[in-house]
Amino acid sequence: MRRLIVNADDFGLTTEVNQAIIDGHCRGLISSASLLANGEAFESAVALSRQAPRLGIGVHLNLTEGKPVALTSSIPSLVEGQDSFARTPGSLWRAIILRRVSVADIEKELRAQIEKVVAAGMVPTHLDSHKHVHALPVLGKMSIGLAREYGIPAIRCVVERWPPLSHLLRRYPRAAPTILRQRLASFTLAVMSRGWRRQLRGAGVACASHFYGLTPTGFLDAEILGEILSHLPDGTSELMCHPGHVDNALRRTPTRLLGQREMEYQALTRPAMKLMLQDLGIQLVNYRDMVCSRQAGAVREES
């Protein structure tokens, strides 16, 4: 059985991103979304999600962009006297190693983000993160602990499978430097996450069997989406995506993905894609469905 979680990141970033995600759920392939607790359109995302009970909602942990949820005075090493985050994932990792950032401050902020989502009435299906910071070694263990504490059943495991890279490079030859840089980032995260599945199993926290979406970030058009679907293996896969509509609010954010979000939205809502899923026998699910299915399977095996 092939199952697919199509997870839209950045839910809560802007109202137009929110609308694209909800429309992509109602009309297209999106089955799950990750909510930015510190997004400027957080309340809009929460309100829209109540109209879409089948949309799985996770927490999109964020330590690199926007304002923190915790009081800045309570997490001084994370903000360094500013009112917003200002580190890249790489500089955050270096700061952790050099002890310029307090791990206690990080945990305090991540708790505040999870608690804000829960306080809004959401029941998170999973954890993931902006720029995949939860895959950094220290933060990986912390994320597992927080998932267990808050009863969040799953975490994104950023170990990417990818059909032949040559297809993506042929499709976008001028973007080869960006694509190869993203592939290198994917490989680095996979190395950092080595052994993570074993840790998750030991902690009783689930993850999808396969992950896609990092290497083709910004290039997920209908052709590339079809290529991924046609190579999907057995088990549950997650496809990360970033659909959205471009407006001035999005342009004011630090994101580099503008028109690319519209392209992804068009691909994900294309009627032919739903037909392709049906023809391939791929079932759309969210993280909650995945966990319930595995639990039911375990019960059947025991009986």
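Bear in mind that the values in this text are calculations on the coordinates, not laboratory data. Every value quoted in this text rests on a predicted model; they were computed, and no experiment measured them. Every residue, glycine as well, gets a Cβ built from its backbone with ideal geometry; the counts of neighbours run over all protein chains shown.
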Only Lys, Arg (+1) and Asp, Glu (-1) charged, at Cβ; region 2-302 dipole about Cα centre in debye: 740
Straight-line reach from Lys108: which lysines have a Cα under 29 Å away, not including same-chain ones fewer than 8 places off? Lys67, Lys116, Lys131, Lys141
Calculate the translational D of region 61-201 in whole µm² s⁻¹ from Stokes-Einstein, where the hydrodynamic radius comes from the Kirkwood formula applied to all Cα pairs, the temperature is 25 °C and the viscosity 0.890 mPa s. 149
Mean ellipticity per residue at 222 nm, deg cm²/dmol - from DSSP H runs of n ≥ 4 across the chain, formula -39500 (n - 2.57): -14000 deg cm²/dmol
Region 1-82: relative contact order as a whole-number percent, Cα under 8 Å and 6+ apart: 29
Taking the beta-carbon count within 10 Å as an exposure proxy, list Arg87, Arg156 from fewest neighbours to most. Arg87, Arg156
Please work out how much length the chain gains when fully extended from Leu98 to Lys274, using 0.36 nm per residue of separation minus the C-alpha to C-alpha distance, in nm with one decimal. 58.5 nm
For the chain, the Cα-Cα pair-distance distribution in 10 Å bins from 0, as whole percents, is 6, 28, 38, 23, 5, 0
Only Cα pairs under 8 Å and at least 6 apart count here; give the relative contact order of region 2-302 as a rounded whole percent. 25
As a footprinting exposure proxy, order Ile282, Ile179 by other Cβ within 10 Å, with the fewest listed first. Ile282, Ile179
